[in-house]
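One structure is given here, and the rest of the page talks about it.
The values are calculated or read from the model by the stated rules, or taken from the named source; none is laboratory data. Just so it is clear, the model here is predicted, and its values are computed rather than measured. Here the Cβ is made from the backbone with ideal geometry for all residues, glycine too, and neighbour counts use every protein chain on show. Areas reflect the complete protein model, heavy atoms only, side chains present, ligands, DNA and RNA absent. Shrake-Rupley method; radii C 1.70, N 1.55, O 1.52, S 1.80 Å.
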There are 2 protein chains.
Amino acid sequence: MKKLSRRTFVGSSVFLSFAGFAGFLPLLNQSKKKQKKMFVHHVYFWLNNPHSAEDKKKLVEGLNTLKSIKEIRMAHIGVPAGTNRDVIDSSYAISWLLLFDNLKDQNIYQEHPVHLKFVKNYSHLWSKVIVYDSVDV
Amino acid sequence: MKKLSRRTFVGSSVFLSFAGFAGFLPLLNQSKKKQKKMFVHHVYFWLNNPHSAEDKKKLVEGLNTLKSIKEIRMAHIGVPAGTNRDVIDSSYAISWLLLFDNLKDQNIYQEHPVHLKFVKNYSHLWSKVIVYDSVDV
C-alpha cells in the first residue's frame, strides 16, 4: 500500500468506509459511491452566567455524560472560535454537535434516560438554547 | 480480523485513525488517545425566495463547487429535518457544515478564489446568513 497523502486519504477506502458509517459526503467529486444519509443535530447554549468558567465547565461535564448514548455516531463540544465577521454569532457559550444515522436514532437520544437526567441536572445553567436539526438535501 | 459490530467499530483503530484525521472526539470513554483538534464552521442560509425550489437547488449547486477546496476535511449540505420543538430553529433553507483541521485552514477557505467566486455568483440568493465557528473546549 503506497503512502497516502492527506489529499488522497480523503478519497481512500478507509475514508469511504468511515464516510459510509458516519454518513458524511466524501469531498472528492469523482467518488460516485452512494453515501449513507445522516442527521445533524447542532445545539448552541447560552449561559445564565456567561462569564462563569465554572458553569461552563459544569455544562461540558454534563455533555460528556451524553456521549455514552450509543445512538450517537459522533460528538463535538465546542466554544466560539474567536473569528469575527458581521455574519458570525459568537455570543453563545457552548456548541454541541452530534451526528446520528437518522431521525429515529436522534429521537432515541432525546428520550434516553441519560439525556433526560442531563436536562434535569444541568438545565439551570443555561438561559437560552437554539437547536438546528438538518438532514441531507 | 474479526467482524466488527457497529459499536466496536467506533472504537476501532480505523475509527481512531480517522478521528485523528478529522479531529472528532471518539465516543468511547475508554479511549484515552489524544485527538486532533478541529474547527467547526456551520453556516445557515435563509433565501430571498424561501419557497423557490429552484433557488434552493442553485444554492446547493454553488455549495457543491466549494467542495473542491482542499483544506476542507468534511462537508455536509443539509435542510431542516422536520423536527419541531420550541428550541428548534427550522426557519433556514440550507445548512452548510464544514470541518477544518484548524483556523488557518478555515482562513484559506474564506479567501480561496473558489469561495470568493461562490459569494459573487450566489449571494443574490440569500437574505440572511448566520455563521457559528467553534473549536475544541
Item to check | Position A:G82, label points 7 Å along Cα→Cβ, spacing to each other copy in nm (shortest first, one decimal) | outcome: 4.2
Next on the checklist: Show me you know the interface measure: the accessible area buried between B and A, both chains summed, probe 1.4 Å, in Å² to the nearest 100.
Outcome noted: 5200 Å²
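How do B:S52, A:S127 rank by accessible surface area computed with a 1.4 Å probe, from largest to smallest?
Descending order: A:S127, B:S52.
Can you send over the carbon and sulfur percentage of the accessible area for the range A:39-135, probe radius 1.4 Å, protein chains only?
Values: 2220 of 4220 Å².
Exposed carbon and sulfur together represent 53 percent of the surface.
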Checklist outcome for this item: Once all protein chains are kept in place, A:W46 shows an accessible area at probe 1.4 Å, nearest 10 Å², of 30 Å²
Checklist entry - Under a 5 Å amide H to amide H cut-off, with H placed in plane at 1.01 Å, what residues pair with B:L47 once short-range neighbours are removed? => result B:A93, B:S127
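Is there a pair in A:K57/B:K37; A:K58/A:K117; A:K104/B:K58; A:K70/A:K104; A:K37/A:K117 whose C-alpha atoms are over 20 Å apart, and which pairs would that be? Intermediate values should be presented prior to the final figure.
Numbers: A:K57/B:K37 18 Å; A:K58/A:K117 14 Å; A:K104/B:K58 30 Å; A:K70/A:K104 13 Å; A:K37/A:K117 29 Å.
The answer is A:K104/B:K58; A:K37/A:K117.
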Checklist entry - On the first, second and third principal axes, largest extent first, how far apart are the outermost C-alpha atoms of the range B:39-135 in Å? => result 35, 29, 17
